[in-house]
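Read-outs throughout are calculated quantities, based only on the coordinates presented, and are distinct from any laboratory measurement. Keep in mind that this is a model prediction, so the values were computed, not measured. Cβ coordinates were reconstructed from backbone atoms using ideal geometry, including for glycine residues, and neighbour counts include every protein chain displayed.
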Amino acid sequence: MDVPFWNKEIETADRSRLEAIQLERLRETVGWALKTPFYQKQLRQAKISSADDIRSLADLRKIPFTTKDDLRLNFPRGLLAVDMKDVVRIHSSSGTTGIPTVIYYSKEDIDNWTDMLARCLFSTGVTSRDVFQNMMTYGMFTGGLGMHYGAERVGMAVIPMGGGNTKRQIKTMKDFGTTAIHVTPSYLLHIHTKLEEAEVKREDLVLKKAFTGAEPHSEDIRKKIERIWNIDAYNSYGLSELNGPGVAFECVYKNDMHLWEDGYIVEIIDPDTGEPVRDGDSGEVVLTNLIRRATPMLRYRTRDLAYLHTDPCPCGRTHRRLSRIMGRTDDMLIINGINLFPSQIEEVVMRIPEVATNYIIQVEKRGDLDHLTVKVEIYPKLFLGDPSQLEALKGRITEELRSAIILHPTVELHEPNSLPVSEGKAKRVIDLRPKE
Amino acid sequence: MAKQLTIFVENRPGRLSSIAKSLRENNIDIRAFTIQDRGDYGLVKFIVSNPSQAYLALANLGCACALKDIIAISIPDKVGNFELLTSALAQNNINVKDAYGFVLQTNLKGVCCLEIEEAQSAAAQKVIQAAGFTILKDDELYNL
Ligand SMILES: [Zn+2]
């Protein structure tokens, strides 16, 4: 397989070289962090008063974790490390609690981030000949502008569509010969159901690649996307606390995401104890940003659950690969004492061809017990008009779910495109249990 | 064979009216309909003036629908006729999956629609005709 490199020297640097870069940049980052009120306090606790107190990478573990709540409590300037005149971009998120968080970027920060994204995109084989339609929301969300800059740096023709307006997305793909898109997996599946309505055939499009992100999804979803669209779909990982998209990205081998270790230090910890897990075990992803001066970020707890591969990738890159996000420490459901991640249900549902792309997981109390309902949409092209077919389908989904998750759910069949789909992040879980 | 349009609908307000609206917009006349309730969802079955056009219109809306073969029988509206029909089928071991009927002209004319397993369909038609009933041609049914 042809393996393209944006920066071969760094992407294939041996571990000792990578660790030397990490140490140098960590010291620099600690120096920047000490300029912020929040980290002065944090680092003083760890008896670190200057970059010189970081002598080896092992010293990282002296530094306390940073959480989302820390960002909220220190809004708006508690983590700002440069003068406002040196800030060229602000991304902020309001979040579900209503208390916002903010990230500032200097010119050099944007440049570093953009270069990482160019590296990500290039590793999938896109070139300046590609036409790139960015279907991620622009504005304050980093998925839009971030990837836009990266794609421009590769030299692709960038169409800044943003999210939503499905018919226009389809028409635009046709009009400009879009070959690559950046999109959430649920929206990409949704668009496929609207092709007919937009009066565009798959053959009218020259789409070859999709970069999916902003939403954890299973390998089955990727396979489904690749099958129905006949494209290659590459998984990506990022979050605004760590710049945005481009922290980790799949290469041409599509066997999980190279996490760029010259830009980020990754730790996998046990979310309960905060201690590192054994090599290759899954746990919470903790990240330190090595390439952002305006808002330094040390040991950020992402709440994402994943693991690092221990075997090398055939592409020759030395940067370790992060698995798919298996869930979030805060989206795990506990149902009658059993731990359940929505992704486990998604895997089962996506294996069944008579079921369309949307599903909803609903939990409620029935008496003293929790009851789980899984709502799925039937796939119109495979509907035969027979009640016996539908009952058999229900039975099959129930049985497959029961063997996968131990729980016994009620399966409800719904009309195509009837379950709520936000044209962006999909809301899959409805928890109706009274809060304690 | 005559086609019946079967549509998957969720059991919630507004679903039937949106289907009805689409049929009206496509100038499709409804000859008969019946609804089979299955709890959280239902199946609506229509006999319409132009089944394939109705199918396309609803499929375009994103509905899950299917065209199913049925046997439509012209049956005089008279006490005992339904028994005559069903006992003829029973004697020949033919199973009826679903059935519905309606009167066109009181004391004169009725129609009975039968869903029969494909493997038994040809035999069923022979039995029905042997019992003295007429099977409606497709156009006769659509243009009732
Ligand atoms: Zn690789």
Could you work out how far helix A:142-154 tilts from the main Cα principal axis of chain A, as a 0 to 90 degree angle to the nearest 10? 80
A:Leu382 paired with A:Lys201, simple spin-label distance in nm, labels 7 Å along Cα-to-beta-carbon: 2.4
Length released on extending from A:Ile352 to A:Arg17, taking residue separation times 0.36 nm less the Cα-Cα span: 115.9 nm
Could you list, bin by bin from short to long, the percent of Cα-Cα pairs of segment B:71-137 in 5 Å steps? 4, 19, 32, 27, 13, 5, 1
Provide Rg over Rh for segment A:338-431; use the alpha carbon set for both Rg and the Kirkwood Rh (inverse mean inverse pair distance). 0.96
Give, to the nearest whole percent, the P(r) tail of the protein assembly as shown beyond 42 angstrom, counting all Cα pairs. 37
With point charges of +1 on the Cβ of Lys and Arg and -1 on the Cβ of Asp and Glu, referenced to the Cα centre of chain A, which listed residue (A:Val429, A:Gln362, A:Gly146) lies farthest in the positive direction of the dipole? A:Gly146
Give the angle, between 0 and 90 degrees and rounded to the nearest 10, that separates the Cα long axis of helix A:166-176 from the longest principal axis of the Cα atoms of chain A. 70
Take the Cα gyration tensor of segment A:1-159, multiply each eigenvalue by 5, square-root it, and list the three semi-axes largest first, rounded to whole angstrom. 31, 24, 13
With no solvent and one equal point scatterer per Cα, compute the Debye intensity ratio I(q)/I(0) for segment A:229-365 at 0.13, 0.21 Å⁻¹ and report its log10, rounded to two decimals. -0.67, -1.32
Between B:Leu56 and A:Lys35, with labels modelled 7 Å along Cα→Cβ, what's the label distance in nm to one decimal, could you check? 6.7
Ratio Rg/Rh, restricted to segment A:248-309 and using Cα atoms, in which Rh is the Kirkwood radius: 0.99
Cβ-placed point charges (K, R +1; D, E -1), dipole of chain A about Cα centre in debye, nearest 20: 820
B:Met1 to B:Ile35: FRET efficiency via 1/(1 + (r/R0)^6), r the Cβ-Cβ distance, R0 35 Å, to the nearest 0.05? 0.95
Assuming R0 = 60 Å, can you tell me the calculated FRET efficiency for the pair A:Ala392 and A:Thr67, based on Cβ-Cβ distance, to the nearest 0.05? 0.80
For segment A:8-329, the Debye formula with one identical point scatterer on each Cα and no solvent gives log10 I(q)/I(0) at q = 0.13 Å⁻¹ as -0.95
In degrees, nearest ten, helix B:15-25 long axis to first principal axis of chain B (Cα): 90
Between A:Glu400 and B:Ser121, what FRET efficiency comes out of the Förster formula 1/(1 + (r/R0)^6) with R0 = 35 Å and r the beta carbon distance, rounded to 0.05? 0.55
Exactly which trypsin sites (Lys or Arg not before Pro) in segment A:90-185 are in a DSSP loop and have at most 10 other Cβ atoms within 10 Å? A:Arg129
Under 5 Å between amide H atoms, partner at least 5 residues away or on a different chain: which partners does A:Tyr264 have, H built in plane at 1.01 Å? A:Leu290
Cα-based Rg/(2.2 N^0.38 Å) for segment B:2-68, rounded to two decimals, is 1.00
